[in-house]
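Peer 1: Mind having a look at this structure? Questions to follow.
The values are calculated or read from the model by the stated rules, or taken from the named source; none is laboratory data. Given the structure is predicted, the values throughout are model-derived calculations rather than measurements. Don't worry about glycine lacking a Cβ; one is built from the backbone with ideal geometry, like all the others, and counts go over all protein chains shown. We work out accessible area using only protein heavy atoms, side chains counted, and drop any ligands, DNA or RNA first. Shrake-Rupley method; radii C 1.70, N 1.55, O 1.52, S 1.80 Å.
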Amino acid sequence: MSNQKREPGGCGCASIPFSVILLFLGGGYWLFTQRDNLDIGRFLNHEIIADIPFINTWEFPTNQSPPTLPDISDPPKTTQPQPQPQPQPETPPQSPTIQPPSPLPSLPLNTWEGKPIRGIYLSRYKATNNASEETIRARVRYYRDRGINTIIHGVWGNACTMYESQVMQAKFGYNSCQNLFQEEWIDWLIDEAHKHGMEVHAYFEKGIKIDENSHAFDLAVQRGWIVPGVDRTHPGVDHYVLNVGIPEVAQFFTDIMVEFVQKYPQIDAVQWDDYLGYHDELPGQIDRTPKLTNFVRNMIAQMKAANPSVSFDICHHNPYWAKQYFAADLEAWGVDRFFIQVYAEENFDDEMVYVEASDGISITERQLNRLPELIDNPNIPNILLFPLSGEPERLADKVHEFTI
């Protein structure tokens, strides 16, 4: 047997003084009786309350709401109070300030943009034959974008029109040259040019000269309308000259001119060139100057009577050469504007005396090296560009390179 002392079992309540037990029971009874006044439930977790039967019978005071418990899976976040927008004082609306339009800069005459006419020649068939309306309008804008403000377009050549003409029909039995032009092509050209502040000048290319390819050639020979001899002003090209000293021939050209400015009243100008003249190498010692002068003056007068707003221009040799070698007394013609062709380099400087006394100059791509000095010359108001190579777009591009 073991002599160890055995530990007492149970809860050990026997060792608690009886006075303490009475105190505990009395305090519990008092708490139970005062439960509504003391609101013991607020010190206990609701989940614990739900598991204790006698406490779960308590009711929260009617004058209080149950406490809201935070979700432990999402701790409460501290939210900073957002500043409230402060009302701003109202500013009375101001009337918009209307600025007057700025005046366009006044460009000096010795700049490319200051030249009233910056023109380029478009030979007949080149730009508008077999072309749609949009193609024609796009080409106008193409030249505008390269600094060109005047298109000088061929409407006549080799004794026939590039548009339908009743005069041609009555005189020769056909109304135009054989071509693929649409009837409205000139109208489209003029309309698009005027939209962009440009002008269109009708170019009577080849003037009173024809060659054997002309539809009118055989009939002109039969009628005796051609001056005897061959005009070889330009080497390699044999031209024949219609004799405007014959009243019927003179009237034919005059009727063509009147018809054109009436058919296209919005055209800005018509221009003839050095093909309006008789080369002095033609056979016979005949002074054709007086009859040529009478013809031109009468044609201009009747054109002006039909449409006074159209300018009649000429682009020819200088006045001395024109009268001496082509029977063209330019100063007696009464033209509106007179331009001088300077297509050769060897006499370029000498020609400047005549150019500065005229309305301007016409050059080809062979004289582009001279362009800066022409632009800077205030005595040369207008510059025309003739694409001798037959490539007007390329010429316009080169000129643009010089002037940007």
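Peer 1: For a quick protection proxy, order the peptides 375-384, 172-181, 355-364 by their average other-Cβ count within 10 Å, most packed first.
Peer 2: 355-364, 375-384, 172-181
Peer 1: Moving on to the next point. Taking 0.36 nm per residue of separation and subtracting the Cα-Cα distance, what length does fully extending GLU281 through ARG366 add?
Peer 2: Gain on stretching GLU281 to ARG366: 27.9 nm.
Peer 1: Net charge near GLU134, counting Lys/Arg +1 and Asp/Glu -1 over other residues with Cβ under 12 Å of its Cβ?
Peer 2: +1
Peer 1: Moving on to the next point. What is the local net charge at GLY173, summed over the other residues whose Cβ is closer than 14 Å to its Cβ (Lys, Arg +1; Asp, Glu -1)?
Peer 2: 0
Peer 1: Keeping all protein chains in the complex and leaving out DNA, RNA and ligands, what accessible area do you get for THR128 with a 1.4 Å probe, in Å² to the nearest 10?
Peer 2: The accessible area of THR128 comes to roughly 0 Å².
Peer 1: Please report, in debye to the nearest 20, how large the charge dipole of region 267-351 is about its Cα centre when each Lys and Arg carries +1 at its beta carbon and each Asp and Glu carries -1 there.
Peer 2: So the dipole magnitude of region 267-351 works out to roughly 700 debye.
Peer 1: Full extension from THR111 to GLU346: what is 0.36 nm times the residue separation minus their Cα-Cα distance, to one decimal in nm?
Peer 2: Extra length available between THR111 and GLU346 comes to 82.0 nm.
Peer 1: I would also like to ask the following. Stretched out fully, how many nm does the piece from GLU373 to PHE172 gain, at 0.36 nm a residue minus the Cα gap?
Peer 2: Net length gain for the segment: 67.6 nm.
Peer 1: I've got another one for you. For LEU219 paired with ASP191, estimate the spin-label separation in nm (one decimal), with each label point 7 Å from Cα along the Cα-to-Cβ line.
Peer 2: 3.2
Peer 1: As an exercise, identify the GluC sites (Glu not before Pro) in region 179-275 lying in DSSP coil whose Cβ has no more than 13 other Cβ atoms within 10 Å.
Peer 2: Filter output for region 179-275: GLU183, GLU184, GLU212.
Peer 1: Treating the beta-carbon of each Lys and Arg as +1 and of each Asp and Glu as -1, no other charges, what is the dipole magnitude of region 334-382 about its Cα centre, to the nearest 20 debye?
Peer 2: Dipole size: approximately 180 debye.
Peer 1: Considering the dipole of region 98-252 built from charges on the beta carbon (Lys and Arg +1, Asp and Glu -1) around the Cα centre, which of GLN182, LEU122, PRO228 is farthest to its positive end?
Peer 2: LEU122
Peer 1: Taking LYS195 as the anchor, which lysines have their alpha carbon closer than 24 Å to its alpha carbon, excluding any fewer than eight residues away along the same chain?
Peer 2: Here the lysines satisfying the reach criterion relative to LYS195 are LYS115, LYS126, LYS263.
Peer 1: Counting pairs of alpha carbon atoms under 8 Å apart in space and at least six apart in sequence, what relative contact order in percent does region 339-390 give?
Peer 2: Averaging sequence separation for qualifying contacts and normalising by length gives 39 percent for region 339-390.
Peer 1: Sticking with this structure for a sec: Could you run the Karplus curve 6.51 cos²θ - 1.76 cosθ + 1.60 with θ = phi - 60° over region 228-234 and give me ³J(HN,Hα) per residue in whole Hz, x for Gly and Pro?
Peer 2: Rounded to whole hertz, the list is x, x, 10, 8, 10, 4, 9.
Peer 1: Heavy-atom accessible area of ARG366 with all protein chains present, probe 1.4 Å, nearest 10 Å²?
Peer 2: About 140 Å², ignoring ligands and nucleic acids.
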